[in-house]
Every structure is written in C-alpha cells, then in structure tokens.
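What follows is a single structure, written as structure tokens, with notes after it.
The values are calculated or read from the model by the stated rules, or taken from the named source; none is laboratory data. Computed from a predicted structure; not experimentally measured. Note that we place each Cβ from the backbone using ideal geometry, even for glycine, and neighbour counts take in every protein chain shown. Note: areas computed on protein heavy atoms with side chains; ligands, DNA, RNA excluded. Shrake-Rupley method; radii C 1.70, N 1.55, O 1.52, S 1.80 Å.
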Amino acid sequence: MNRRTLLAGAVLALGLAGQGMAQDEPVKAGFIFVGPIGDGGWTYEHNQARLAVEEHFGDKVETVFQESVPEGADAERAMTQMALGGADIIFTTSFGYMDPTINVAKKFPDVKFEHATGYKQADNVATYSARFYEGRAIEGLIAGKMTKTNKVGYIGSFPIPEVIRGINSAYIHAKKANPEVEFNVVWAYTWFDPAKEADAAQALIEQGADVIIQHTDSTAPLAAAEKAGDVIGFGQASDMAEYKPSPRVSSIIDNWAPYYIERIQAVMDGTWESGNTWDGIGPGMVEIGEITEAVPAEVKEEALALKESIASGEYHPFTGPLNKQDGSAWLAEGETADDGTLAGMDFYVEGLTGEIPN
Amino acid sequence: MDLSAINPILLIASLMVSATPILLAAIGEMVTEKAGVLNLGVEGMMITGAVVGFAVGVNSGSPLLGFVGAALASALLSLSFGLLTQYLLSNQVATGLGLTLVGLGLSALIGKPYEGIKSPTLGDIHLPLLSDIPVIGPILFQHDIMVYLSIALVAAVWAVLKYTRIGLVLRAVGENHDAAHALGYKVIRIRLLAIMFGGACAGLGGAYLSLVRVPQWTEGMTAGAGWIALAIVVFASWKPWRVLVGAYLFGGVTVLQLNLQAAGLKVPVEYLSMSPYLITILVLVIISARGFHGAPASLGRSFHASS
C-alpha cells in the first residue's frame, strides 16, 4: 500500500467515523491520568469515577484512558491521540495538563475538554476542581490537637495554588487548635514517586515531626509513618483505609463520579457548556474519611463539628482576621476569601515559615 | 532556618538506605555492560523484582525469600532479553526498551491483588558492640542485611573482574568478542550469564524498594530508578567502586535536599536535584576529552560466530 492509498483510506475511515457519530453511537469519554490507576490515591479515585460512569451509562458510553502521562509535551500527544480516536469528551486530570489541554482543544473544537484543578477555560474547555482546602482545615485541626512535638511535616508536590491553599488552610486550623504548632514544608516536585515520598516523610520525621500531612498521591508517606511508630498521617485523595486506625487517622476522599456522570450526560443531551465547577464538602465532591479511634473522642467531635459548619456553608476556612506571611493584612475580621484569590493563591499566611519556591 | 535540626548521622544512614536500590541495579548493569551487552531494560527488571519480591514476601511471610524470588524472576525476564539479542540478534537498544515496557505492564498485572497490603519487613541487624560505637555505629552497623549485601556485592564484582580468570574472560568478551571467540570462549553463553546476573541484581534492587524502603507495592513505584542506575554506570565509567560512589551521590542528593527543605533552609531544590545528572554529563565530557572513556569496546554490538 503506498502512501496515497493509505491517506485516502485514513480520510475514508475518518469520514465513516464522522457519519457514525451522527447515529446512535455511544459517547466516548477519554481520561488522561498523571499516575497509574493503582496508585491508591489521586488517580485511583479518578479511575473509580470512570468506572462509575461505565456502570451508570452502560452501553451508552465508552471510556478510554491513558495512565502515567507525563505533564508536558507528551500530554499533548496523548490528548491528540485520544481526540483523533473519536473521543467526544476528554477529562485531563492534573494541574500540569493545563496548557496542553488548551492547545489541543484549539485543534479539536468539536471535542469537549474538562481540565481538573486548572484556571484556564475556553469555549470547549471547562475546569473543575474540589475544595480540598475544606478537608485540609479538618486535617489541620486534628494535626494541631494530636501533635506532641508541635511539629507538623507537610509534603507538598509542586508549589501551585492548589497545594499552597491546602498548606494555608491546614496551618490556620492547626494554629487555632494549638498556638505552639510549627509546619515544616518539603517540596517533593513529583505527584507520584513512592520512594521519594517515603524519603521526604522520613526526613520530616527525623527532624521531629510527629504528624505528616501529604499532598502527593501514593501511600508511601503513611508507610513511613507506620514504620517510625508514634507518627500519624492522613489518607490523601483516597481513603487509604489499609493504614487504619493508625497512622491514618482520617482522610480526604475525592468523589468525582457525580460530576463525571453529570458532564457526560450533558454531552449526550447536547447541553454541555464550558464553565468552572468548584465543589467542596457540602455537595459531596470532598468527603472526609472515618476519623479513627486513635483520635480522642473530644477531638473527633470538634473535627466533625468543623466539617458540619463547613458543609452547611456557615463557616469558611479562610475567614479573617488573617494576615499574609509578610505581616500585611489580607482579610479583615469576619471577611472571607473570594474564589479568585483562592484560585491563584501564591502566598503563605502569617506564621508559616519558609518561602514558596518559584 | 535551623541546620542543627539535621542529624548528620541519621542523614548518612538514610542516604545509604535510599541509595541501595540503585546501587544494586547499577552494579548488575555494569557487569552486563562489561560483557558487551547494553540492556536498557533495567527499569522493567527492577519493577518486576519489586512486585515479585513483594508477592513472595507477603505469601511466605519471609522478606528474604522475597528477595530470592525477585532475583529469580528478574533473571528470568532478562533471559528473554538475552535470547532475543544473543540468539536472534535483535537490536539491543530496542529490545531493552521493550523489556522496560513489558516489565511495567507485567508488574501492574501481577501486582493488582497486592495493592494496599503491607509487607513483612526486614529487621535491622544490630551487630553487638559495633553498633554501639558512637557516630559510626549507627552509620555503619545498624542496617538491614541488604545494605551490607549490596556493598559486599560491589567488592565481589570488583575482585572478580580484576583478579580472576572469569573476570578476565568476561572483560575480553566485552572488549572484543571476535578475539574472545577466536580464543575459544563461548561469547554468547558468557553474555547470557552476565545478562542474568544484571537481571538478578536489578530484581534485588526493585525488591528492596517494595520490601524495605517504601515498603509496600504501588504500581509504577520504581519511578525512573532504573534509568538512574543506567546513568550511574556511565558516571562510574564502568568501575565498580565508582558505581558505589555514584549511587550514594545520587541517593545522597535526594535525601539531602529533602532534609535541607525540612530544616527550612532556602535551597534551590531544582539545582540540587539536577546536580547528579549535571555531574554525569561533566564526567562524560572529561573522560571523552581524555580520549579514553572506559566503555567496553564491543558494548551494544551483536555477535554472531559467522561474522
């Protein structure tokens, strides 16, 4: 077969695919994952939601996914491939896919894109995220109450607003619970590298931290905490229930399924529109995993009360008076942070030490 | 900033632990390359070792058996690479890359039932008296057996390559396989053995990750350690003790930068993380400027008795 017939064949095939679309073909939903689906954390939960989509729609939907796609140029290739493969909607599930998603979306105006945790939108690119910082507030409270060394270790992935928000929220509530508390933040510069995450946890523990909060995707920091004994941590993105009752004393669970089902339904109905969804504990996108018996009953009660007040909208985790790290005023008494500031958060609140790397 | 928060003794001790997987993989790959075979499948063999080691360790309750299983499984996997490249004369680079892909996929498949399970851990050996010596006690004498084994392995490889007939033959095969063949040495058989040795070592390295360092099974958990091992072999210009230095340097920089961060020191993390690779490039430039780069002359070339 020479090149010309090959091209002709490809065009024909595309044409056929185009025709097929018009008929009652299943909607094809693509997913780009940053880690393996078995990471036990972030990607695992996205994949659970993908499975929930299949369960919900049955034959009406076909899902495809690619795992461990590096953030950067390779992501564009993966997305392009998926779009060429006939996907009607593509979920790109990591912050670092933001620009690749926008670039690829320009080339495929008929394909809908959904980018998780980013802030750039287009006519065919919607963004969605969960208000993880609401969950971080509860972790902060527990951390502040539980630490004996007054040192909390925090494993950050990349210095992006999402992660910084979490650190601030956890710190504010840890400080309220325990004015003596200090946070040590370590940047791992990876979302998923169990060995490095374990090393980071180890370094923090060796320097006196007895509570580890992680914003990376694997269960390795919990394993390190367990090995060290007398150190607690939290499940991240997924329940990580295998480390119950300790070191995992609670967790933040991402529940993407309702959102994915809603958006794919919108594609089927032809009502899909670009937009920005940012849901928290109230609507159920963020869930708080069981607080185990390793936490004293009164602390647990307090944590659950905080969860209730956040869920009902009565309390906002970023409520003034709050100052920025340099001491300048940020929020006045009773004032709450607006979503714009939160979405682009690039500063620590007062009391946190260290600098955010650029 | 509080540098005093870093305990240098704990730092060095955790550096040794963190470097052990790449040290094991790198010393194995060095032997393979010394025999003239470039096996780029280290990552795939490591992750296979990680999952098999974990599975055997969990099922038998003995981490040591896990290590044995890991070594056997990865040696078996590397044998497939050996058969393809040595008998069927397939391209070593492509086959090695294929081996990595196979290993990653295979391990994900085998590992499915083992996600979220905890492994039996290998206890540290506290040598009486020796481990109580201040400073060097905790650094040198309070590790698990695999740390010692990895260092012993480096010493053994060095001694065998330098002082024994087997080592000489292995090097001859790697330097000039035609000459070795003319002298009557079984080039292919020797290379197969070297490949399997490399596979077994990579498997041990992977199992060290899943059984000791992390310790749990997570898909894709080697996260590029195999590629670092390959870089270390080049960095070391194919010399065993330099492999040890290289592995501790690569492992050390990772641990050091995390510790510096935890201590609140303002360090340019990116530069520190980059530094081992920069040093590798620098070493390559220096050795090629000297005209002698230390690479086995037949590295990566296929051998067939007819040619």
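Which net charge results for the neighbourhood of A:I253, defined as the other residues with beta-carbon distances under 9 angstrom from its beta-carbon, given Lys and Arg at +1 and Asp and Glu at -1? That works out to -4. Summarising the label geometry, the points placed 7 Å from Cα in the beta-carbon direction at B:V160 and B:L265 lie 3.9 nm from one another.
When a/c reaches 1.5 or more, the comparison of a/b and b/c decides; with that in mind, is region A:267-358 rounded, prolate or oblate per its Cα gyration tensor? Verdict is oblate for region A:267-358. Peptides B:76-84, A:169-177 ranked from most to least packed by the mean count of surrounding Cβ atoms within 10 Å: A:169-177, B:76-84. Against chain A, whose longest principal axis comes from its Cα atoms, helix A:3-22 is set at around 70 degrees.
By the helix-only formula, in which each DSSP H run with n ≥ 4 contributes -39500 (n - 2.57) and the sum is divided by residues, chain B has a 222 nm mean residue ellipticity of -22500 deg cm²/dmol.
Here the accessible area is traced with a 1.4 Å probe on the protein chains. For region A:118-262, carbon and sulfur cover 49 percent of it. When the charge dipole of chain A is built from unit charges on Cβ atoms (+1 for Lys and Arg, -1 for Asp and Glu) and taken about the Cα centre, the candidate among A:T277, A:I291, A:W191 whose Cα reaches farthest toward its positive end is A:W191. Taking the longest Cα principal axis of chain A as reference, the axis of helix A:42-57 is set at about 50 degrees. Between the beta carbons of B:I136 and B:L64, assuming R0 = 22 Å, the FRET efficiency works out to 0.25 to the nearest 0.05. Chains B and A together bury roughly 2600 Å² of accessible area, counting both sides, with a 1.4 Å probe on protein heavy atoms only. Starting from the Kirkwood radius over alpha-carbon pairs of region B:144-206, derive D by Stokes-Einstein at 25 °C in a medium of 0.890 mPa s and give it in µm² s⁻¹. Approximately 192 µm²/s, per Stokes-Einstein. Evaluated at q = 0.14 Å⁻¹, the base-10 log of the normalised Debye intensity for region A:42-133, with identical point scatterers placed on the Cα atoms, takes the values -0.48. Put +1 on the Cβ of every Lys and Arg and -1 on every Asp and Glu Cβ in chain B; which of B:G36, B:A108, B:V157 then has its Cα farthest towards the positive end of the dipole? Towards the positive end, the residue furthest out is B:G36. A 1.4 Å probe, protein heavy atoms only, puts the accessible area of B:W158 near 90 Å².
Rounded to two decimals, the Cα-based Rg/Rh of region A:111-252, with Kirkwood Rh, is 1.01.
Ligands, DNA and RNA are left out, and with a 1.4 angstrom probe the accessible area of the protein assembly as shown is 40 Å² per residue.
DSSP bridge analysis restricted to the protein assembly as shown gives an antiparallel fraction near 20%, rounded to the nearest 5. Burial annotation for region B:248-263: residues with an accessible-area loss of at least 50 Å² between the isolated chain and the complete set of protein chains, computed on heavy atoms with a 1.4 Å probe, are B:L258, B:Q261, B:A262. Under the classification rounded if a/c is under 1.5, otherwise prolate if a/b is larger than b/c and oblate if not, where does region B:209-307 fall, given a ≥ b ≥ c as square roots of the Cα gyration tensor eigenvalues? Oblate is the answer for region B:209-307, as a/c is 1.5 or above yet b/c matches or exceeds a/b. Once whole DSSP H runs in chain B are found, which of them have Cα atoms spread over 20 Å or more along the helix axis and a mean Kyte-Doolittle score of at least 0.0? Qualifying helices, which must be both long enough and hydrophobic enough, are B:8-34, B:42-60, B:63-82, B:92-111, B:145-163, B:187-208, B:240-262, B:269-289.
Ranked from highest to lowest mean number of other Cβ atoms within 10 Å per residue, what is the order of the peptides B:225-232, B:18-25?
B:18-25, B:225-232
What angle, in degrees between 0 and 90 and rounded to the nearest 10, separates the Cα long axis of helix A:297-311 from the longest principal axis of the Cα atoms of chain A? For A:297-311 against chain A, the angle is about 40 degrees. With a 1.4 Å probe on protein heavy atoms only, tell me which residues of region B:218-240 lose at least 10 Å² of accessible surface in the complex relative to the chain by itself. SASA drop of 10 Å² or more in region B:218-240: B:T218, B:E219, B:G220, B:M221, B:A223. Which of rounded, prolate or oblate describes region B:202-260 when judged by the alpha-carbon gyration tensor and an a/c cut-off of 1.5? Here region B:202-260 falls in the oblate category. Could you pull out the pairs from A:K145/A:K244; A:K28/A:K244; A:K106/A:K324; A:K60/A:K107; A:K244/A:K307; A:K112/A:K196 whose alpha carbons sit more than 28 Å apart here? Cα-Cα > 28 Å for A:K28/A:K244; A:K106/A:K324; A:K112/A:K196; rest within. Note on B:V245 and A:K148: their simple-model spin labels are 4.4 nm apart, each label 7 Å out from Cα toward Cβ. Averaging Cα coordinates gives a centre for region A:128-163 and one for region B:244-262; these two points are 26 Å apart.
Across peptide A:209-220, the mean count of Cβ atoms from other chains lying within 10 Å of each residue's own Cβ comes to 2. On a per residue basis, the convex hull of the C-alpha atoms belonging to chain A measures out at 147 Å³.
Over region A:239-347, what is the relative contact order in whole percent, taking alpha-carbon pairs under 8 Å and six or more residues apart? Relative contact order of region A:239-347: 22 percent. Would you tally the net charge around B:R191, using a Cβ to Cβ cut-off of less than 15 Å, leaving B:R191 out, and scoring K and R as +1, D and E as -1? Surrounding charge for B:R191 is +1. Each 5 Å bin, from zero up to the one with the longest distance, holds this percent of the alpha carbon pairs of region A:84-165: 3, 13, 20, 17, 13, 9, 9, 7, 5, 3, 2, 0.
For the protein assembly as shown, take N as its residue count and report Rg(C-alpha) divided by 2.2 N^0.38 Å.
The reported ratio for this selection is 1.03.
Please give the calculated 222 nm ellipticity per residue for chain A, where each DSSP H segment of at least 4 residues contributes -39500 (n - 2.57) and the sum is spread over every residue; nearest 500 deg cm²/dmol?
Values: 11 runs with 145 residues, N = 358.
Here the helix-only value at 222 nm equals -13000 deg cm²/dmol.
Entry note: chain B has Rg to Rh equal to 0.99, where both radii use alpha-carbon atoms and Rh is the Kirkwood radius.
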